[in-house]
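Shown next, in structure tokens, is the structure this report addresses.
The values are calculated or read from the model by the stated rules, or taken from the named source; none is laboratory data. Since the structure is predicted, the reported quantities are computational estimates derived from the model, not experimental observations. Backbone-built Cβ (ideal geometry, glycine too); neighbour counts: all protein chains shown. These area figures cover heavy atoms from the full protein model, side chains too; ligands, DNA and RNA do not enter into them. Shrake-Rupley method; radii C 1.70, N 1.55, O 1.52, S 1.80 Å.
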Amino acid sequence: MSQSTVFGIRHHGPGCARSVRAALDELKPDVVALEGPADAEIALPLVNHDEMIPPVSMLIYPKDEPRRSVSFPLTDFSPEWQVLKWAGENQVPVRLMDLPMSHRLALDKQHDQQNEKKAAESPEPVEEKVSEFRADPIALLAEAAGYADHELWWEEQIERRDDATGLFEAILEAMQTIREEYPETRESDLLREAFMRKTIRKIRKETVGHVAIVCGAWHGPVLTEEALNGKIDGCKIKDDTARLKGLPKLKTTATWIPWTHSRLSYRSGYGAGVDSPGWYSHIWESPQDAPLRWLTSAARLLREKDLDASSASVIEASRLAETLAALRDLRSPGLRELNEAILTVFCQGDDSPLRLIRKKLEIGDKLGSVPDETPSVPLAENLAKLQKTLRMRPSTEKKLLDLDLRKEISRERSHLLHRLNMLEVSWGVWEESGGGDSTFHEIWQLEWQPEFAVSIIEANVWGNTVELAATHRTVQRGRDAQNIQELTELLYAAILANLQSAIPELLDIIGVQASVSADVRHLMDAVLPLARIARYSDVRKTEAANVLPILDGMFDRILVGLVSACLALDDSAAETMLESLLKAQQAIDLLGDETLQSDWNIQLRKLLPSKVNGLLRGWACRLLLEKDEIEKEEFDRLTRLELSPVTETSVAAAWLTGLLKGSGLLLVHQETLWSIFDEWLRRLKPEIFVEMLPVLRRAFSDFSSAERRQMGEKVKFLTDRQSSIVDSGENENGGEINHERAAKVLPVLTEIMGGNLK
């Protein structure tokens, strides 16, 4: 039987990666047993492919339940990646020894089902069981060494260590001590460690020579010669066999997907992350002069953003970082010292540039890549082909894409992005910019995320191409839709995505729903997407003829039921109804149908009586004023009525809020409105004014700065005019004050006020 040596590492540690390579060079093992799910071994041959560029992630998922997928991310400075690269370069076989994900995912599923069953049986909320305790070895060792910052201790002692002699023996001894002091271990860890020992025993039987065991440092003490030979309690062959007996299993598949540095900070299959992957990558690439190179990179980044960061500043920051390291008894500056130096020298105490450095350098946006022959589902292959054909290379960098829909390639790019959104793969976010739908342009914000790979695997159930999958998913969503608004929005999205096969069925479903729907508000919510289709169909090469009859029928129902739907609504319901009214008006404006607008105006006039909530009355009055359906005299009369002293303050405020919805330019020139509004405000008691202030602030918040400035000038004009009237001795009707008649009133006022009036 062969011998074995344990190398305990920390996942995503550049120091460990460098040290384990050196140790393998010295040991020259015949086989490497590496911590990793055994059922992912099939994916290892691609590691040494020229087009496999980290960061990448091993993705393992059940074929029937891809949502349960687990990622095992790796990058240049990951010890596991360097072990795999070393093995490939030296033609040494690698065996993955950890518990297969087929068992681990099945156990997770079993646990979820048990919780669901308990929740169904018990009326009380089921409390989630707290995970079994496991000591944090790094925290314990750091605290024992007097470090409050655990990461700083590990980086100083391990990651930036120059001499790795005796490193792994020391790690193994430290972990052994901690496990003896804290014997409690999670059941999941016990299962994994039992499987590791079982696998290593099998490898040792099949191997002539030496086996290198590379695992997370915590597991090292139970994978030693002593443990494998059953000389440690709980590690005997019979114990491991009993523990692993009868485990549930799911059928899994494994592949590789691109990953990013930013996602390395997340806990994943290894249960470990790194807070500053860009910094660790820098340490890996520049172990000797990392601090100075880091400051140089930071200065270059700041200069690219037109911020001052001269060569002299780099030298000064380097000296400061070295001084801080010496004061803290560190062998060289770490990230903390460098950040403090950058904040002081480059940023002059302003941490805004430092946040940019953290995002771009400390974390980074590096995106890996995998070979074309990497196993993937058909949908992913089709997407990759489309991305190549349309010259849309995925990138984690945020960038704007301006599409001119009059060009064929732009329309095809638009269709792809819309179809992916239908599949919940939001690679692009469609921005409703200046011209909106009324232009030939679409503005997209693109940013690729690694987790999209999982979403694409999940979406493959709907079809093997992006178009087919999006079509089937859209039709199913249409069949499941709960209201007509959801359906019309879905139809609009389907037309944007050019899903021609889905459109007829959606139209049929909408036609049925529209003919039976009695909810006026839902109908108003639903007409806007259809109006967009009818208005801009030519731009997107779609047909609107089938939409117009449906719209006509829906508006007929809206006009008939509008007034009754607006009666007796409380404030909350009125706000919701107003949102629907705004959508309906926007749809009418898009259609440009004068007859429809006239019929709509007639119904809005019926909202003006007092039985309708003040918010809706105010908006209806405002809209009719915009459409020249109310003369100035009638508007002035309505304003005096709504803001009269007998009107409840909250009702008057609601009417004003509705009136102020929309452009402010129209209202600026309504002299009577501002005079009455000013008078109404003056009448408010202080406590009522304070209570109404948030409502009034919200009412004016939608206006532009220029509009608010004009309104302010209008109020100032009214105030100055009132002051001039008082100063000139004129009454509000422009006449002279009759002092003789006023003097006759003073004795009466004196009695009322209980004092002297002079």
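Below are the figures for this structure:
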{"quantity": "Spin-label model distance (nm) - L244 vs D289, 7 Å beyond Cα toward Cβ", "calculated": "5.1 nm"}
{"quantity": "Trypsin sites (Lys or Arg not before Pro) within segment 603-653: DSSP coil, no more than 15 neighbouring Cβ in 10 Å", "calculated": "K606, K611, K627"}
{"quantity": "For segment 508-647: rounded, prolate or oblate by the Cα gyration tensor [a/c cutoff 1.5]", "calculated": "prolate"}
{"quantity": "Accessible-area value, R358, 1.4 Å probe, nucleic acids and ligands omitted, Å²", "calculated": "80 Å²"}
{"quantity": "Inter-site label distance for L401 and N229 at 7 Å from Cα along Cβ, in nm", "calculated": "6.2 nm"}
{"quantity": "E156, E373, reordered so the largest accessible area comes first (probe 1.4 Å)", "calculated": "E373, E156"}
{"quantity": "Heavy atoms of D30 accessible to a 1.4 Å probe, total area in Å² rounded to 10", "calculated": "70 Å²"}
{"quantity": "Segment 12-130 - accessible surface per residue (Å², probe 1.4 Å)", "calculated": "46 Å²"}
{"quantity": "Local net charge near R67, Cβ-Cβ under 14 Å (Lys/Arg +1, Asp/Glu -1)", "calculated": "-4"}
{"quantity": "Probe 1.4 Å, accessible area per residue of segment 390-511, Å²", "calculated": "45 Å²"}
{"quantity": "R0 of 51 Å, Cβ-Cβ distance E116-E626: FRET efficiency to nearest 0.05", "calculated": "0.40"}
{"quantity": "1.4 Å probe accessible area per residue over segment 142-243, in Å²", "calculated": "50 Å²"}
{"quantity": "Rh (Kirkwood; distinct C-alpha pairs) - segment 418-507, Å", "calculated": "13.9 Å"}
{"quantity": "Calculated FRET value between L152 and D570, using beta carbons and R₀ = 60 Å, to 0.05", "calculated": "0.55"}
{"quantity": "Chain lengthening between E489 and A743 when straightened (0.36 nm per residue, less Cα-Cα)", "calculated": "84.3 nm"}
{"quantity": "H210 long-range amide H proximity, modeled H, under 5 Å", "calculated": "D30, V31"}
{"quantity": "Binned Cα-Cα distance frequencies in segment 243-390 - 10 Å width, integer %", "calculated": "10, 29, 25, 17, 13, 6, 1"}
{"quantity": "Out-of-range pairs (alpha-carbon distance over 19 Å; input K109/K202; K118/K249; K359/K399; K109/K236; K202/K238)", "calculated": "K109/K202; K118/K249; K109/K236"}
{"quantity": "Cα centroid of segment 56-123 to Cα centroid of segment 369-430, whole Å", "calculated": "28 Å"}
{"quantity": "Principal axis dimensions, largest first and in whole angstrom, of segment 214-309 by Cα", "calculated": "67, 34, 17"}
{"quantity": "Nonlocal amide H pairs with L569, under 5 Å, H built at 1.01 Å", "calculated": "N613"}
{"quantity": "GluC sites (Glu not before Pro) within segment 168-199, DSSP loop, no more than 10 other Cβ atoms inside 10 Å", "calculated": "E184"}
{"quantity": "Pairwise FRET efficiency - D329 versus E143, Cβ, R0 = 25 Å, nearest 0.05", "calculated": "0.90"}
{"quantity": "Accessible carbon and sulfur surface of segment 401-498 relative to its total accessible area, %, 1.4 Å", "calculated": "45 percent"}
{"quantity": "All lysines inside 19 Å of K632 as judged from Cα atoms, apart from same-chain residues fewer than 8 positions distant", "calculated": "K606, K661, K714"}
